[in-house]
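The values are calculated or read from the model by the stated rules, or taken from the named source; none is laboratory data. Computed from a prediction, not measured in an experiment: that's the story for all the values here. When we count neighbours, we look across all protein chains shown, and the Cβ atoms used for this are built from the backbone with ideal geometry, even at glycine. Remember, those area values only see protein heavy atoms, side chains included, never the ligands or the DNA or RNA. Shrake-Rupley method; radii C 1.70, N 1.55, O 1.52, S 1.80 Å.
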Amino acid sequence: MKTLRDNGLFLVFFALFLLSLAGQAAAGVALFNEQQTAAGLEKVSIWQYLATSSFAVDVAENWQSEFLQFLLLIVASVWFVQKGSPESKKVGRRGLETDKDQLLGQHATAASPSWARAGGWRTLVYSNSLALVMGTIFLLSWLAQSIAGFSAFAEQQLANLQDPGTWGEYVLSPEFWARTLQNWQSEFLAVASMVILAVYLRQRGSPESKPVGAAHTETDVEG
């Protein structure tokens, strides 16, 4: 029970992820089979649908936009601040901060990760590991989106007896960028809204909010 309690936030959101993914698959196969029937083609099972480019591109394009959102927030918040927002550092702490601030090398504590104490390339890598992993997942999911998207696009083009072109041409096409940018703009708006609304609005008990009684000008306040 202690493990469940200590990891409750992750477990709740991971369970919601699995449930919503299952729901997307169920709704997706129903829609896909409606389109199959309208086209005079055979219906597919949900397992067959999960292997289609149609399902893959829908999942991948959402993943890449979400991980891009967090990647940019992680990196941008190193150098840019928003006075009064709990999503921002204090105005005077812009930048990478000192080794003392970051508990690196000789300033590390007994509980610090070993690579924070190691120095050299290991500390450099660990100091940027969150952005590196988020960036890698973003790039891989974006690549998966482009490949699955091209496959789905090619199927549609061939069904209409048209030349699907190449993967490179698809990546530069309006079709690809329309799908990509419609997700990016919503993610950027969501982050911008959270950053600025949290200056003036509160949610009692949430670490994403300042204490209810904190001044609007307070920045980087722990709840």
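Here are a few things to note about the model shown:
- Magnitude of the charge dipole for the chain, about its Cα centre and with charges confined to Cβ atoms of Lys, Arg (+1) and Asp, Glu (-1), is about 1080 debye.
- Ranking TYR49, TYR200 from most to least accessible surface, computed with a 1.4 Å probe over the protein chains only, gives TYR200, TYR49.
- Counting only lysines at least 8 places from LYS83 when in the same chain, those with an alpha carbon closer than 20 Å to its own are LYS210.
- Judged by the ratio a/c of the largest to the smallest principal axis of the C-alpha gyration tensor, the stretch 62-106 counts as oblate, that ratio being 1.5 or greater while a/b is no larger than b/c.
- For the stretch 10-98, the solvent-accessible area of protein heavy atoms averages 63 Å² per residue (probe radius 1.4 Å; ligands and nucleic acids excluded).
- Accessible surface of the stretch 145-223, 1.4 Å probe, proportion on carbon and sulfur as whole %: 61
- Cα lying deepest toward the dipole's positive end in the stretch 91-223, options GLY165, ALA190, VAL212, charges on Cβ: VAL212
- Listed residues TRP177, TYR49, TRP79: farthest to the positive end of the dipole of the chain (Cβ charges): TRP79
- Tensor-based shape of the stretch 154-223 (alpha-carbon gyration tensor, a/c under 1.5 rounded, otherwise prolate or oblate): prolate
- Angle of helix 174-200 to the longest C-alpha principal axis of the chain, folded into 0 to 90 degrees and rounded to 10: 30°.
- Helix 53-79 and the longest principal axis of the C-alpha atoms of the chain enclose an angle of approximately 20°.
- Cα centroid separation, the stretch 54-112 to the stretch 1-39 (Å): 27
- At a probe radius of 1.4 angstrom, the accessible area of the stretch 120-222 per residue rounds to 65 square angstrom.
- Options TYR126, PHE17, SER141, ranked by Cα towards positive dipole end of the chain, top entry (Cβ charges): TYR126
- Solvent-accessible area, 1.4 Å probe, carbon plus sulfur percent, for the stretch 1-142: 67
- Among (i) 1.01; (ii) 1.48; (iii) 1.32, the entry that matches Cα Rg over 2.2 N^0.38 Å as calculated here: (iii)
- For the stretch 92-103, Karplus couplings with θ = phi - 60° (6.51, -1.76, 1.60), whole Hz, Gly/Pro x: x, 10, 4, x, 7, 6, 7, 4, 5, 4, 9, 6
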